[in-house]
Amino acid sequence: MTRGMYVRILLVCVLALSACDVGRASATVRAVAVGVPSLAPFFDESKGLGRDARVPSRSVGGGLQRGDTPGLYGGSRKPRICDVDKLERFLTDPANERKADAWARVLGIGRDGIPDYLDRLTPVLLRHDTLVKNHDYKKEKAVPFDSLLQAGIAILVDAQGQPAVKCSCGNPLRAFEGDKSGISVKFENGNEKWKGYDAASAVVVRPAPRELERLALVDVEEPERGIERPVGTTGGDDKGFDASERREVPDVVGATVGEAVARLTEQGLAVRYGGAGQPSDGAVVTGSDPAAGSRLAFGEYVTLAAEEDAEVAPETSRTSGPPDPPSESESETEPVPAQSSGGSGPTSSGTTSSPPPTSEQPPASTPPPTSTSAPPPTVSSLPPPPSSTPPTTISTPPTTATTTTTAPASESPPPPPPSETPSTSAST
């Protein structure tokens, strides 16, 4: 092979790799603006299934957000931002069986389970430009595509705060699975770039760690008013609260990320992260901005800095070095953080109240104490039948257990008295 041929081959390989990198970095996402009808909807949007609102998008700096994040979603005093009953009638109409089958398949349920599934959904308004996996209805199939929904679009979320349905068209939604940092947003078909658009501020929602009983929303028309909306209701049971009241940032330095998020959520504060990517729940928090003691309004963000190695190093050194006994003690100590995070989780759901109690009960469950106390009574109940003296005889056998063969011979002289007592005890 000549030198020139080698250079050409190398150049081709480099270009091929570059093309692959460009392909990965330019994942196309279709923009969906407020009030713009879908080209291939599941539901006829002229029927008034849902109503979007004009809401300025919040700048979060991008990143993942849990479905129970305080103020992640908005609400309104206006009823029926999403007519769930109308959607149910449409999907359960025998004339729409094929659409219903495709719709249910996306959400992982059967067609017969649609009514129950809809009963657990809650209408909200997006307060952030949000990335989702959307679905058109084409040729009797649900066709997935990644889309960026503009803040103000009405959606239904499930019991863990995960986007599930776009209200105006009934299209099912799933979690965005791509690399957010490499998206290329495409504006077309009437979806023009909106004021305040910033791809870096787009949010990806992940489900809350447990099912919620209520969502803590912000009134999009009166931002100083908060709304507690029970999951599975459409606004008739809303309760208002003062969203302008200042809440103190708790001290979370030294806690795990999971514990810190629970404490901040309890205070009605949202979380974002400094640096690239999102740390694991087990990473240790090294700082917060604003610092502990600062006072913020409901739903405002606290930026956490965390160190992954600070958590991993001790774990590996502990598990790798010690034998079985230490590892058991280690395993006992590890649950403590988990329970403490669970304990804080329950309280953290102060805004979402219900989940915490349920999660609180397992840790504080009394069965273990009763179960441990139960065995002793059963064990002690076995000795009583023989008599009160057997306990002393029971204690002697263990010590002479190894010399049981010699015991009978050496104790042959004394046996008469003991045997008489047993016989008398037997007669009694």
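Name the long-range amide H neighbours of Asp68: under 5 Å, sequence gap of 5 or more, or other chain; modelled H, no Pro or chain starts.
Distant-sequence amide H within range of Asp68: Ala208.
So for the pair Glu188, Glu97, with labels modelled 7 Å out along Cα→Cβ, what separation do we get in nm?
About 3.6 nm separates the two model spin labels.
Give the whole-number value, in cubic angstrom per residue, of the convex hull volume spanned by the C-alpha atoms of the stretch 115-166. Intermediate results must be reported in sequence, preceding the final value.
Numbers: hull volume 4.3 nm³, N = 52.
Taking the convex hull of the Cα positions in the stretch 115-166, it is 83 Å³ per residue.
Among 27-36, 184-193, 118-127, how do they line up from the highest to the lowest mean number of other beta-carbon atoms within 10 Å?
Values: 27-36: 17.7, 184-193: 13.3, 118-127: 22.1.
The most tightly packed comes first, giving 118-127, 27-36, 184-193.
Can you flag which of Lys47/Lys78; Lys47/Lys138; Lys138/Lys195; Lys47/Lys166; Lys86/Lys186 are past 22 Å Cα-Cα? Can you show the working numbers first?
Working: Lys47/Lys78 18 Å; Lys47/Lys138 20 Å; Lys138/Lys195 31 Å; Lys47/Lys166 14 Å; Lys86/Lys186 31 Å.
Distance filter (> 22 Å) returns Lys138/Lys195; Lys86/Lys186.
Take peptides 254-261, 109-116, 149-156, 68-75 and line them up by average Cβ neighbours within 10 Å, highest first, as a rough protection proxy. Provide the component values of the computation, followed by the final result.
Working: 254-261: 22.2, 109-116: 12.9, 149-156: 24.5, 68-75: 26.4.
Averaged packing, sorted descending, gives the order 68-75, 149-156, 254-261, 109-116.
Separation between the Asp44 and Glu308 pseudo-spin-labels, each 7 Å from Cα along Cα→Cβ, expressed in nm?
Distance between label points: 5.2 nm.
List the residues, sorted by chain then number, that are 5 or more residues from Val231 or on another chain and whose placed amide H is less than 5 Å from its amide H.
Close amide H contacts, sequence-distant or interchain: Arg214, Leu215.
Just order 166-178, 296-308 by mean Cβ neighbour count inside 10 Å, highest at the front, would you?
Numbers: 166-178: 21.5, 296-308: 19.5.
Going from most to least packed, we get 166-178, 296-308.
Quick one: which residues, 5 or more positions from Arg272 or on another chain, have an amide H under 5 Å from its amide H? H modelled 1.01 Å from N in the peptide plane, none for Pro or chain starts.
Val302, Thr303, Leu304
Can you work out ³J(HN,Hα) from phi for every residue in the stretch 44-56, in order, using Karplus 6.51 cos²θ - 1.76 cosθ + 1.60 and θ = phi - 60°, giving whole Hz and x for Gly and Pro?
Calculated HN-Hα couplings, in order: 5, 5, 6, 7, x, 5, x, 10, 7, 9, 8, 10, x Hz.
Rule-based calculations on the coordinates, nothing more; no lab input. The structure presented is a predicted model; accordingly, all values stated were derived computationally and were not measured. Every residue, glycine as well, gets a Cβ built from its backbone with ideal geometry; the counts of neighbours run over all protein chains shown.
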